[in-house]
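Engineer: Right, I'll just put the structure down here and ask away after.
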Amino acid sequence: MSDRGPHLVLLGKQGAGKGTQASRLAEHYGVIHLATGDVFRAAINEGTELGFEVQRYMDRGELVPDEIVIGVVREVLTNSDAVKRGFVLDGFPRTVPQAKELERVLADFPLDVVIDLDVPTEIALHRIAGRRVCVQCQTTYHVDNPPKEDWICDVCGSDVVQRDDDTEEAVMRRLELWEIQTLPLIHFYRRRGLLAHVDGIGDSEDVFESLVATVEVRMTEDA
Ligand code: AP5
Ligand code: MG
């Protein structure tokens, strides 16, 4: 078994549970969790130039242009010593050009496994409809699984709200773009022998255990 955490990418359509599981996996392995959507939402919340630039894409459910996303990811991954210990990428890469750029950026830290977290679209839509997120730390809740106190985040005490891009129109566009732009990544990573599938239906705890089991198998094979 390796003495570092995994180099892991979580793929999966909107509402599959990437964010929910990526933060648990990062905590479990003591590695960084990089979610491009969270980075962009934080930038919008803070009113930075990046936030201003990306908001018009996000609110419509469009993808942020590759050059902006790649710039952000390159900066985080090349300036972080923590990358050596491992990482969980959530929502990146989302296009083939992003995946190719990731290979260049991570030349010294090749991926161990890319997991397609698979849920049917009807379940994903139900999850998104009830999703609520913390405006500050991005912790994710659901109307069926709310914070302890009236929509106040359990982790940081900030407000928990519905995401601006969780409108029906933007969600349908995001799902459409997933089919067009992100599905080709499944083939891209299968050809590289990195792809694994995990069923995202069912209890969050069971999904987490399946993910850990999949990661452990790959890391044992690679050791
Ligand atoms: P991003 O923030 O990545 O959103 P997304 O891709 O639309 O994915 P979601 O966050 O909707 O789904 P998730 O799989 O994380 O589900 P979650 O864990 O929240 O991106 C947003 C936007 O940013 C994009 O549209 C784009 O504009 C831009 N962007 C980001 N990255 C980009 C990139 N690389 N390139 C270009 N543009 C980019 O779970 C959903 C709900 O289900 C929650 O309420 C949760 O509590 C609940 N839930 C989770 N698991 C379970 C379970 N097992 N059972 C029951 N409920 C569950
Ligand atoms: Mg997410």
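Engineer: Take each complete run of DSSP H in the chain, measure how far its Cα atoms stretch along the helix's own axis, and keep only those covering 18 Å or more with mean Kyte-Doolittle hydropathy at least -0.5; list them. Walk me through the numbers on the way to the answer.
Structural biologist: Details: long enough: 204-222 (27 Å, -0.07).
Membrane-span-like by this rule: 204-222.
Engineer: Between Arg85 and His197, what length comes free when the chain is fully extended (0.36 nm per residue of separation minus the Cα-Cα distance, one decimal in nm)?
Structural biologist: Full-extension gain reported as 37.9 nm.
Engineer: Follow-up. Among Thr139, Cys153, Pro120, which residue has its Cα furthest toward the positive end of the charge dipole of the stretch 107-155, with +1 on Lys/Arg Cβ and -1 on Asp/Glu Cβ?
Structural biologist: Most positive-ward Cα: Cys153.
Engineer: Provide the gained length on full extension for the span Lys148 to Arg56, in nm with one decimal, where the gain is 0.36 nm per separating residue minus the Cα-Cα distance.
Structural biologist: Here the answer is 29.8 nm.
Engineer: In addition: What are the trypsin sites (Lys or Arg not before Pro) within the stretch 134-223 that DSSP puts in a loop, where the Cβ has at most 10 other Cβ atoms within 10 Å? Write down the numbers at each step before the final one.
Structural biologist: Working: sites: Lys148, Arg163, Arg173, Arg174, Arg190, Arg191, Arg192, Arg218; in loops: Lys148, Arg163, Arg192.
Those satisfying the criteria are Lys148.
Engineer: Quick one: pull the percent of accessible area on the chain belonging to carbon and sulfur, 1.4 Å probe, ligands and nucleic acids left out.
Structural biologist: On the way: 5520 of 11210 Å².
Ligands and nucleic acids excluded, carbon and sulfur give 49 percent.
Engineer: Apply the Karplus parameterisation 6.51 cos²θ - 1.76 cosθ + 1.60, with θ equal to phi minus 60°, to every residue of the stretch 192-200 and state each ³J(HN,Hα) to the nearest whole Hz, in sequence, with x for glycine and proline.
Structural biologist: Karplus-based 3J(HN,Hα) across the stretch 192-200 equals 8, x, 9, 7, 9, 10, 10, 6, x Hz.
Engineer: Excluding ligands, DNA and RNA, what is the solvent-accessible area per residue of the stretch 7-211 at a probe of 1.4 Å, expressed in Å²?
Structural biologist: With the other protein chains kept in place, the stretch 7-211 gives 49 Å² per residue.
Engineer: Residue farthest toward the positive end of the dipole of the stretch 7-211, with Cβ of Lys/Arg at +1 and Asp/Glu at -1: which of Gly193, Met172, Leu34?
Structural biologist: Gly193
Engineer: Another question, if that's okay. Might you report the magnitude of the Cβ-based charge dipole of the stretch 12-101 about its Cα centre, with Lys and Arg at +1 and Asp and Glu at -1, to the nearest 20 debye? Show your work: numbers first, answer last.
Structural biologist: On the way: 11 positive and 13 negative charges, 85 e Å.
Result for the stretch 12-101 is approximately 400 debye, rounded to the nearest 20.
The values are calculated or read from the model by the stated rules, or taken from the named source; none is laboratory data. Note that the coordinates shown come from a computational prediction; the quantities given were computed from them, not determined experimentally. Cβ sites come from the backbone with ideal geometry, for glycine too, and all protein chains shown count toward neighbours. Surface accessibility is based on the protein's heavy atoms, side chains included, excluding ligands, DNA and RNA. Shrake-Rupley method; radii C 1.70, N 1.55, O 1.52, S 1.80 Å.
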